[in-house]
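Asker: Can you read through this structure? Questions will come right after.
No value in this document is a laboratory result; all are computed from the given coordinates. Bear in mind the structure is a predicted one, so any value in this text is a computation, not a measurement. Quick reminder, even Gly has a Cβ in these numbers, built from the backbone with ideal geometry, and neighbours come from all protein chains shown.
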Amino acid sequence: MIFTDIIFFAFLTVVFGAYWLLQGKEARLNLLLVASAVFYGWWDWRFLGLIGFVILISWLVARFAARRAPGEAFRRLALIAGISANLAVIATFKYFGFFADSAREMLSTIGLDPGWTALNILLPVGISFYVFQAISYIVDVARGDLSSEHRLRRVALYIAFFPQLVAGPIVRAASFFPQMESVKTLSSALVFAGLRAFALGFAYKAGIADNLAQFVDPVFGDAQVAGDTDLAAWSNLALVGATLAFGALIYFDFAGYSLMAIGVARWFGFYIPKNFDHPYASPAIDDFWRRWHISLSSWLRDYLYIPLGGNRLSAGKTYRNLMVTMVLGGLWHGAAWTFVAWGAMHGAALAFHRALYKGRAAVGFLYGLIATQVFVLLTWVPFRAESFADTLVIWSAFTGLRDGGSAEISAWVWLLVPLIALDAILGRGGLKALQASRILRHPVVYWSGLGVLSGIMLALYPLEASPFVYFQF
Amino acid sequence: MHWSFFAVAALGLLLAHGLKLPRAGSRFISAAAFIVGLLTTAFLIKSLAAANGIGRTTDFDRFVNAAVIEVSQDYAPIIVFTGASYSRNGVDPERLTLALRERGYPHRVVSLSIEAASILERDQHLQQFIELSGKVPDLVFIEVAEDFDHRAAYMFGNAKFSMRAIEQFDLPTSAWTGFGILGGACQGLKGCVLDAGYLGLHTALNVLNVGLIGSGERSASVKAVPAYDPQSEPRATSEHTLSLKSTPASIYQGPQWIRSFRYQQQNRLLAQGTRAIAYYQPPTLDPDARAYIDGLCEGELFAFDCFSPNDPQLMAQLNGDYWFDSSHLLDGGTAIYNAWLAQEIIASGMLERRQ
């Protein structure tokens, strides 16, 4: 069940209706918990046990830690145990095969045959997101930043809240728990605020992102099928165009999902902060990371970079911390060395930028924008390519030094550049006068505009929907 | 993909970013404004798509393009065979062309046939072929089968809500299908209600252009794939004992809706310049299915050339390992049937007959 499926709209309608018909706060929260279990179980009910385990461990550990005095060894031990248990879950289900394969390959290069074959473990959808939420809860309680929640159901709903369960945004307990206690009233403002976020997200995901796979998949191959690429056949321009299309696809796909999650949560009276802020208009790499997948980058900052020492130590240690954070951030995206390389490149770029400019404005906006976005585009290649060999082929296409094939993709792909620019201009307050205009709030203008938007979305709706790219992470 | 995708997407982004909280107003006026906005946009997008030849891409478009390429390289008179799966497996245009040319007839045969295609869907793609090729077929062979005549919305038994199902139910096709359902061309009360419901939904999805720009392509740029789909091995699960017994044919007419459709199709094709229309059905193991076309040939289609497979000599030749399943021929069976068909077409004199 994904947000653009007809079945999700039926599910949402039922849950929304029942939620606002119920009067008591507890009844509503219980309904959301049941709905979240149904939503998650829709993919594979067997993984309900896994998320249940994560919830239970996190609740128990936080309860235990909260009863110990700050600084007490048992409290620290509880923290380590809680984090380890959660990391063990993610390591088993997401990284076991990767590390086993890597170890086997390494041993075979020195002539040793370990004789094991990696287990093919099914990746539970959304595991990276809910495990990170669980860890942040345990850490916040153990640090004393948050009081422990004694009601298991509250912790369960925080970790499993269906709008953000499978692909984020990663929500912090400190912002979510108080919202569970607040009194909620259905109002037109709430409905329209949700509609606004959901409609924009739907436009991003179903209107744009799903239609870009036709530029990307023929060149890069099916992301789920190894070894199905034939890059030699494609011209240099086709490889560059497909990379551009992937950059647009992953942005519109993930930002679209996040916006829809925000809109759905809003309809139930919950506020989830934004996850993207037009990163393709960033003039510097540090600015890019303040605007791309904000909930993950801030999580990595608060629970990894700062505990490592952040920038409070020597310059060398700051660069090391940046590298470690970004390499692990890369690995978070997928169990493959290409993701590690992607993270390492961004870590190196952040360190380089820091060393060069030390927080000052870098070059002029335009130069900075071009340099940053070209770098980001180039790093999407290892992120999406199936191997380092493919990455090198595509990078060589960017230089024009490669003898390309003759296969082309549609030349219309270049229209993505003005489309992304338009989105950034609108999202960053361009046409402010128009958006602030009272005429847009006139009921006839608003409703006919919504009719036009619906007509457009239906025409753009992909008849064969694609799953969200970030589900695999 | 087409440039119009980006234009429409840009407009969508403008609106999605621009729309904020509306002021309170009359619910009636708000609903009317929404519907007017939606329908006007649907009309404009449909017009834009039509002007640029954009449609939802289906296998049928691929077959049409293959046929267009075929006739673009050949100035011979064209014979179009248009049918469903019987024809997709049972009519080999190359074999038929060769058989006719060996006997001195220069015609080029093409096939526009796909599984579960009603006469209405096939007519849409026949018109698409005429438009894209710029050539009117000299002869048009139309497959008839009882299943399609007696279930106007046959597609819903096979592929609901698919690209192909949504694409075909434009307003004229929906009107003809609705006429058929109203006339009882459906299966029982429950079947009729379901077909009518699905028809309404598919028509709405078509009118509102669902997927038209996102999944659509210019018909002319769709990859060409020949329609003929030769089968070399019998279907694993099929049992196919040939019964040469045929139910005696009675003189028969199709239901009112299909007779009306055939009548207007005949007039249109003849007005467009087609010299003659013929009806046919590839062989099947079902004696009742063969008897149905026998009856039509003697009845409703009496004035037309009509090629029923209910020829004992033909069926005797097909008494062996020639069947993919009970309704479809293997390639070897197609070779026998096509040789017989070429002979019958020549014998009918329709290749030489003047208009």
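Asker: Kirkwood hydrodynamic radius, computed over distinct alpha-carbon pairs, for segment B:252-355: how many Å, to one decimal?
Answerer: Answer for segment B:252-355: a Kirkwood hydrodynamic radius of 15.0 Å.
Asker: So, one more: Let me understand segment B:121-179 better: what is its radius of gyration from the alpha carbons, and its Dmax, in angstrom?
Answerer: In order Rg, Dmax, the Cα atoms of segment B:121-179 give 13.0, 35 Å.
Asker: Okay, moving on. Please list the non-local residues whose amide H lies under 5 Å from the amide H of A:GLY405, H modeled 1.01 Å from N, same-chain partners needing a gap of 5 or more.
Answerer: A:TRP234, A:SER235, A:ASN236
Asker: Of all the Cα-Cα pairs you can form in segment A:131-281, what percent are over 17 Å apart?
Answerer: 69 percent
Asker: Stokes-Einstein at 20 °C, 1.002 mPa s, Kirkwood radius from Cα pairs: D for segment A:39-150 in µm² s⁻¹?
Answerer: 136 µm²/s
Asker: Can I ask one more? So what are the three principal axis dimensions of segment B:1-59 from its Cα atoms, in whole Å, longest to shortest?
Answerer: 47, 22, 20
Asker: Over segment B:145-299, how many percent of alpha carbon pairs lie in each 5 Å bin up to the one with the longest distance?
Answerer: 2, 7, 12, 14, 16, 18, 16, 10, 3, 1, 0
Asker: In terms of Cα to Cα distance under 19 Å, which aspartates and glutamates are near enough to B:LYS190, apart from those fewer than 8 places away along the same chain?
Answerer: B:ASP147, B:ASP149
Asker: Something else: Give me the inter-chain shielding for B:203-216: mean count of other chain Cβ atoms within 10 Å, whole number please.
Answerer: 5
Asker: Separate question: Counting helices only, and only those DSSP H runs with n ≥ 4, report the 222 nm mean residue ellipticity of chain A as the sum of -39,500 (n - 2.57) divided by its residues, in deg cm²/dmol to the nearest 500.
Answerer: -21000 deg cm²/dmol
Asker: Let me ask something else. Could you give the semi-axes, largest first, of the ellipsoid that matches chain A, computed as the square roots of 5 times the alpha carbon gyration tensor eigenvalues and rounded to whole Å?
Answerer: 34, 32, 23
Asker: If I model a spin label at A:ASP403 and B:GLN343 as a point 7 Å from the Cα along the Cα→Cβ vector, what separation in nanometres do I get?
Answerer: 5.7 nm
Asker: Using the Kirkwood formula over every pair of different C-alpha atoms, what hydrodynamic radius in Å results for the protein assembly as shown?
Answerer: 30.7 Å
Asker: Please list log₁₀ I(q)/I(0) at q = 0.18 Å⁻¹ for segment A:178-263, using the Debye equation with identical point scatterers on the alpha-carbon positions.
Answerer: Summing over Cα pairs of segment A:178-263 leads to -0.80.
Asker: Going down the list A:LYS94/A:LYS317; B:LYS20/B:LYS46; A:LYS205/A:LYS274; A:LYS25/A:LYS274, which pairs span over 21 Å between their C-alpha atoms?
Answerer: From the list (A:LYS94/A:LYS317; B:LYS20/B:LYS46; A:LYS205/A:LYS274; A:LYS25/A:LYS274), the Cα-Cα distance tops 21 Å for A:LYS94/A:LYS317; B:LYS20/B:LYS46; A:LYS25/A:LYS274.
Asker: Still on this structure: Counting GluC sites (Glu not before Pro) as exposed when in a DSSP loop with at most 13 other beta carbons within 10 Å, what is the longest stretch of chain B free of them?
Answerer: Segment B:1-238 is the longest.
Asker: Dividing the convex hull volume of the Cα atoms of segment A:315-465 by its residue count, what figure in Å³ per residue is obtained?
Answerer: 207 Å³
Asker: Taking the inverse of the average 1/r across all pairs of different Cα atoms in segment A:264-399, what Kirkwood radius in Å do you get?
Answerer: Here the Kirkwood hydrodynamic radius works out to 16.0 Å.
Asker: On to the next question. Tell me, what HN-Hα J-couplings in whole Hz come from the Karplus equation 6.51 cos²θ - 1.76 cosθ + 1.60 at θ = phi - 60° for each residue of segment A:401-409, using x for Gly and Pro?
Answerer: Each residue of segment A:401-409 in turn: 7, 8, 7, x, x, 9, 5, 10, 9 Hz.
Asker: Also, quick follow-up: What is the mean number of Cβ atoms from other protein chains located within 10 Å of the Cβ atom of each residue in peptide B:28-38, rounded to a whole number?
Answerer: 6
Asker: In whole Hz, what ³J(HN,Hα) sequence does segment A:413-423 give by Karplus (6.51, -1.76, 1.60; θ = phi - 60°), x for Gly and Pro?
Answerer: 4, 5, 5, 5, 4, x, 5, 5, 4, 4, 4
Asker: Give me the angle, in degrees from 0 to 90, between the Cα long axis of helix B:3-18 and the longest principal axis of the Cα atoms of chain B, rounded to the nearest 10.
Answerer: 30 degrees
Asker: Still on this structure, please answer the following. Starting from the amide H of B:ALA278, placed 1.01 Å from N in the peptide plane, find each other amide H under 5 Å away whose residue is 5 or more places distant or on another chain.
Answerer: HN-HN under 5 Å from B:ALA278: B:VAL140, B:PHE141, B:ILE142.
Asker: Can I ask one more? Considering segment B:49-172, what Rg and Dmax in Å follow from its alpha-carbon atoms?
Answerer: According to the Cα coordinates of segment B:49-172, Rg and Dmax are 14.8, 46 Å.
Asker: Beyond 21 Å, what percent of the Cα pairs of segment A:283-348 remain?
Answerer: 17 percent
Asker: Please state, as a whole number in µm²/s, the translational diffusion coefficient that the Stokes-Einstein equation yields for segment B:168-227 at 4 °C and 1.567 mPa s, with Rh defined as the Kirkwood radius across alpha carbon pairs.
Answerer: Calculated translational D: 98 µm²/s.
Asker: Once Rh for chain B is found with the Kirkwood sum over Cα pairs, what is the Stokes-Einstein diffusion coefficient at 37 °C and 0.692 mPa s, in µm²/s?
Answerer: For the chosen part, D equals 150 µm²/s.
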